[in-house]
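Working notes, structure below.
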């Protein structure tokens, strides 16, 4: 997706050799028109697939999942990272390690929102080490649902996530793939 590459180059900021900040349009301040374009692209990439729910993880995945859902005409379910009084006790639960925050999260989805008749598309903003995607895959499997695929806005191909998903036979579609980040320069795959 050339427009996303341009947006990353023009508005993204690099920190070190592995952090890309796109908080100006994707995961802090939201460019809704641009999110709509990405939502349409996900619909195009998963055209012909039977999908009746989109699953993501809070918080950064919610925006792209909600925008994309309007093109699939399906609801969004998101895994919660925190326990709250309004979350039922009957949940699917798994542990996910966040490399950005350097901590483990127990993520949960209410059992009434996923079931074995579901065809699930997982959407998220970044794929780096693949732990969030694998955690959501685990939740889909606990629900005995079908994981149709994983859609990622920005894949950092130089980290292990894409290989991990490939080894687990996950249908992965990334809007852009970054081959490397070095000395402040982004090289796309």
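Given the criteria at pLDDT 90 or above, crowded, with 17+ Cβ neighbours inside 10 Å and out of contact with any helix residue (DSSP H, G or I) (no Cβ under 6 Å at 6 or more places or on another chain), does residue 49 qualify?
Spelling it out, it is not the case that residue 49 is at pLDDT 90 or above, crowded, with 17+ Cβ neighbours inside 10 Å and out of contact with any helix residue (DSSP H, G or I) (no Cβ under 6 Å at 6 or more places or on another chain).
All but one of (1) without any contact (Cβ under 8 Å) to a residue 40 or more places away in the chain; (2) under 25 Å from residue 23 (Cα atoms); (3) under 14 Å from the mean Cα position of the chain (by Cα); (4) surrounded by 20 or more Cβ atoms within 10 Å (Cβ to Cβ) hold for residue 105; state the number of the condition that does not hold.
It is condition (3) that residue 105 fails.
Kindly indicate whether residue 186 is touching a strand residue (DSSP E or B) at 6+ places or on another chain (Cβ under 9 Å), closer than 19 Å to residue 50 by Cα and part of a strand (DSSP E or B).
no
Identify, by number, the condition in (1) assigned to a helix (DSSP H, G or I); (2) touching a helix residue (DSSP H, G or I) at 6+ places or on another chain (Cβ under 6 Å); (3) surrounded by fewer than 19 Cβ atoms within 10 Å (Cβ to Cβ) that residue 97 doesn't meet.
Every condition holds for residue 97 apart from (1).
Would you be able to say whether some residue in the stretch 73-88 is in contact with a strand residue (DSSP E or B) (Cβ under 8 Å, 6 or more places away or on another chain), at pLDDT 95 or above and part of a helix (DSSP H, G or I)?
No: the stretch 73-88 contains no residue that is in contact with a strand residue (DSSP E or B) (Cβ under 8 Å, 6 or more places away or on another chain), at pLDDT 95 or above and part of a helix (DSSP H, G or I).
The values are calculated or read from the model by the stated rules, or taken from the named source; none is laboratory data. Computed from a predicted structure; not experimentally measured. Counting neighbours? That spans all protein chains shown, and the Cβs are built from the backbone with ideal geometry, glycine included.
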